[in-house]
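Student: One structure is given below, represented as structure tokens, and several questions about it will come after.
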Amino acid sequence: MKHKIVIVGGGAGGLELATKLGKRFGKSDKASITLVDASLTHIWKPLLHEVAADALSSATEELNYHAQAKWNHFSFELGTMEGLDRNTQTLRLVAVIDENDQQLIPARMLSYDTLVMAVGSTSNDFGIAGAKEHTVFLDTRKQADLLHRKLLNAYLASAGNPDIIGSVSIAIVGAGATGVELAAELRHAAEELSSYGLGQISPENLKITLIEAGPRILLALPERIGNALLKTLERLGVNDMVNAGVSSIDPTGQTTHEGQRIESTLKVWERPSSSRIWMASKPITSINWWWALRCRPLAMIRSSPLAIVRLVSIRIRLETCHLAPRRPTNKPRHWSSRSKRESRIDPCRRSNTRITVGWYLCRDFRQLAT
């Protein structure tokens, strides 16, 4: 009987893992590999800010999971995981519902021998009042498209109303790599929209403000890089506010802890990401004070000799590490966990009726600026 490997999450980690396992084991029919994701297509998350600013077409950059599965000898299941039973080695997928509330695919149960959780992370709102209701997050393509539509609508509205000239302002909460890149892309988008005669908002009248709770932008990078990029942003006309933690957000703007008011038409949330909260409610792991998943040093859980759950996430913190890994902005292959053993681990190889697995230590490669 073939070994069944189920990978939940088709992001940079899960998709690459499914592809490699499919080429190595699926093609030779040594194992069945199944990838589960809630979307039909994948787009690399660090590109979402370009989609939001219309600098990149998501339709041309996205990858179809069904096509990738066919090319690389694994199968794809559309759906969202809602439950896990490690005793019976099964997971439950909710029914797939379309935009008209019609059921397309009923709820299903998938069995596994090895389960890989590669669900990734979401932006952390830190419980700030109004953050979820009045800001746009950039965790999914749908959210990026929403921000793009809101920006475009603001320009379209200005075309027939001369009274709103210069009234569009964008506040980006969080001056990390994505926030800085988004600010630059939005400035470029403003110039493009104006050159095509869309609306009456000139590029210099589109106000972009970066709001950072820390002492400077790009805290994860060396100070010299942050200072150099700050000068570039200033030349582009982007305002920055450091040491300005946001305490509340409403439809017209945000308020800092010091009581300073920042008016904005559009609000984007780009604070540090955290592990998906639903994972913490499962009997798999816990969440530490940094809102990162914390698991055992082996990064796996054994409920029976043949039931192994592995966790693959850019926000998983191994207890053997001193630093929690940060969200990467470079290509996924630069962000990896290297095996402590020199030999390659075959997930389908068994030793004394147990699946042989390796010890993993995370290597923090930080971020790359381009």
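Student: Scan 256, 252 and give me the residue that is under 22 Å from residue 190 (Cα atoms), surrounded by fewer than 19 Cβ atoms within 10 Å (Cβ to Cβ) and β-branched (Val, Ile, Thr).
Tutor: Selected residue: 252, the only one of 256, 252 that is under 22 Å from residue 190 (Cα atoms), surrounded by fewer than 19 Cβ atoms within 10 Å (Cβ to Cβ) and β-branched (Val, Ile, Thr).
Student: Further question on the same structure: Filter the strands (runs of 3 or more DSSP E) completely within region 215-259 down to those with at least 1 residues that are over 26 Å from residue 203 (Cβ atoms) and touching a residue at least 12 places away in the same chain (Cβ under 8 Å).
Tutor: Per the criteria, 246-250, 253-256.
Student: Sticking with this one: Can residue 132 be described as part of a helix (DSSP H, G or I) and surrounded by 15 or more Cβ atoms within 10 Å (Cβ to Cβ)?
Tutor: no
Student: Is it the case, given these coordinates, that residue 83 is without any contact (Cβ under 8 Å) to a residue 24 or more places away in the chain and either over 21 Å from residue 40 (Cβ atoms) or touching a helix residue (DSSP H, G or I) at 6+ places or on another chain (Cβ under 6 Å) (or both)?
Tutor: The answer is yes for residue 83.
Student: Among 104, 56, 21, 47, which is surrounded by 21 or more Cβ atoms within 10 Å (Cβ to Cβ) and either not acidic (Asp, Glu) or not in a helix (DSSP H, G or I) (or both)?
Tutor: Matching residue, one of 104, 56, 21, 47: 21.
Student: Another one. Which residues, counting only those in region 1-11, are among the aliphatic types (A, V, I, L, M) and surrounded by fewer than 21 Cβ atoms within 10 Å (Cβ to Cβ)?
Tutor: 1, the sole residue that qualifies.
Student: Confirm whether residue 146 is assigned to a helix (DSSP H, G or I) and either within 26 Å of the chain's Cα centre (by Cα) or without any contact (Cβ under 8 Å) to a residue 12 or more places away in the chain (or both). Show your work before the answer.
Tutor: Numbers: assigned to a helix (DSSP H, G or I): yes; either within 26 Å of the chain's Cα centre (by Cα) or without any contact (Cβ under 8 Å) to a residue 12 or more places away in the chain (or both): yes.
Answer is yes for this residue.
Student: Filter region 168-191 down to residues that are touching a residue at least 24 places away in the same chain (Cβ under 8 Å) and of a type in the set (Asp, Glu) and give me whichever is nearest to residue 56 (Cα to Cα).
Tutor: 185
Student: Of all residues in region 78-106, which are touching an Asp or Glu at 6+ places or on another chain (Cβ under 8 Å) and over 13 Å from residue 36 (Cβ atoms)?
Tutor: Hits for region 78-106 are 89, 104.
Student: Is it the case that region 215-232 has a residue that's touching an Asp or Glu at 6+ places or on another chain (Cβ under 9 Å), modelled with pLDDT of 90 or more, within 18 Å of residue 135 (Cβ to Cβ) and surrounded by 16 or more Cβ atoms within 10 Å (Cβ to Cβ)?
Tutor: no
Student: A further question follows. Criterion first (farther than 30 Å from residue 19 by Cβ and either modelled with pLDDT of 90 or more or in the same structural domain as residue 249 (by TED's automatic domain parsing) (or both)) does residue 116 satisfy it?
Tutor: Criteria not met by residue 116.
The values are calculated or read from the model by the stated rules, or taken from the named source; none is laboratory data. Since the model is a prediction, treat every value here as computed from it, not as a measurement. When we count neighbours, we look across all protein chains shown, and the Cβ atoms used for this are built from the backbone with ideal geometry, even at glycine.
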